[in-house]
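Heads up: the structure comes next, in structure tokens.
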Amino acid sequence: MRTIDLAQSSLRDLNEDLHRQTDGANEAQWEILNPRGAHAVAVGIDAPIHVDVRGSVGYYCAGMNKKASVVVHGSAGPGVAENMMSGKVVIKGDASQYAGATGRGGLLVIEGNASSRCGISMKGIDIVVRGNIGHMSAFMAQSGHLIVLGDAGDALGDSIYEAKLFVRGKVKSLGSDCIEKEMRDEHRDALVRLLAEAGITGVKPDEFRRYGSARKLYNFNIDNADAY
């Protein structure tokens, strides 16, 4: 295992070392000590390596992640796993605003709570939150899954496209064009798979309610042609 102590090494050097890793990397296991809320820790990785961050981080941790598994043993600031492409990011604590924003693939697991705009403009990423999420989460979410074991704040799924939202707790309010939808077998299967990947057991798919697009906001309706 390669161990980097950010109390002694620079963040720039760390990220440059991580960027040198390839699919055939010999240094497959990494440990980062003393992150002390540093920003942009472990961003832009493009290799199937595992990184343990021992402490809390600032904004954009594991942004643009591709192939790697990154575990933060603490909480994360705004934009964790922003524009993630693949791989897996796990936050053992809480996450601040717009976790997983614009993510295109991979799995983001938040074991605590997530703040506002969780999953904003998600484009294929899967997000599992054990706790609650804040207001305007999944705003303009295009594809992927957002699974919340706790409650959701105001305006969930505002202006949503085709992402699938599952909430086990209460939803304070739904955003524009977001409605509750039927839970079919395909959705139950997706829940079982993603909960298992997130390491969550003892939770049944039928404990969740599904939300998605009413498909009225982004479609042209000929009956309203005079209004355009």
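The values are calculated or read from the model by the stated rules, or taken from the named source; none is laboratory data. Everything quoted here is computed from the prediction, not taken from an experiment. Note that each Cβ is placed from the backbone with ideal geometry, even for glycine, and that neighbours are counted across all protein chains shown.
Things to note:
- Cross-chain or 6+ apart pairs with Cβ under 6 Å, the range 72-91 first and among the hydroxyl-bearing types (Ser, Thr, Tyr), then at pLDDT 95 or above: Ser75/Ser56; Ser75/Gly93; Ser75/Asp94; Ser86/Lys66; Ser86/Lys67; Ser86/Gly105; Ser86/Gly106
- Odd one out for Ser137, checked against (1) out of contact with any Ser or Thr (no Cβ under 6 Å at 6 or more places or on another chain); (2) part of a loop (DSSP other than H, G, I, E, B); (3) within 17 Å of Ala190 (Cα to Cα): (3)
- Residue within the range 45-59 that is among the hydrophobic types (A, V, I, L, M, F, W, C), modelled with pLDDT of 95 or more, crowded, with 24+ Cβ neighbours inside 10 Å and in contact with a Phe, Trp or Tyr (Cβ under 7 Å, 6 or more places away or on another chain) present: yes
- Options His145, His135: the member that is more than 17 Å from Ala196 (Cβ to Cβ), without any contact (Cβ under 8 Å) to a residue 60 or more places away in the chain and not small (Gly, Ala, Ser): His135
- Criterion (over 15 Å from Ile125 (Cα atoms), of a type outside the set (S, T, N, Q) and crowded, with 17+ Cβ neighbours inside 10 Å) met by exactly one of Gly103, Gly77: Gly77
- In the range 157-203, the residues that are basic (Lys, Arg), more than 22 Å from Gly112 (Cβ to Cβ) and in a loop (DSSP other than H, G, I, E, B): Arg184
- Matching residues in the range 157-206 - criterion: being free of Cβ contacts under 8 Å to residues at least 40 places away in the same chain, closer than 13 Å to Ile147 by Cα, of a type in the set (D, E, K, R) and surrounded by 12 or more Cβ atoms within 10 Å (Cβ to Cβ): Arg188, Arg193
- Residue match in the range 115-128 (condition: without any contact (Cβ under 8 Å) to a residue 40 or more places away in the chain, more than 24 Å from Ser213 (Cα to Cα) and crowded, with 24+ Cβ neighbours inside 10 Å): no
- Among the residues of the range 112-141, the ones that are on the phi > 0 side of the Ramachandran plot and not polar (S, T, N, Q) come to 6 in all.
- Looking at Arg12, Arg54, Arg20, just one residue is charged (D, E, K, R), within 27 Å of Tyr98 (Cβ to Cβ) and without any contact (Cβ under 8 Å) to a residue 12 or more places away in the chain, and that residue is Arg12.
- Of all the residues in the range 176-214, those that are under 17 Å from Ser143 (Cβ atoms) and among the small types (Gly, Ala, Ser) number 4.
- Subset of the range 1-40 (residues that are surrounded by fewer than 12 Cβ atoms within 10 Å (Cβ to Cβ), under 17 Å from Ala68 (Cα atoms) and among the aliphatic types (A, V, I, L, M)): Met1
- Tally of residues being within 25 Å of the chain's Cα centre (by Cα), on the phi < 0 side of the Ramachandran plot and either of a type in the set (Ser, Thr, Tyr) or in a loop (DSSP other than H, G, I, E, B) (or both) across the range 21-49: 13
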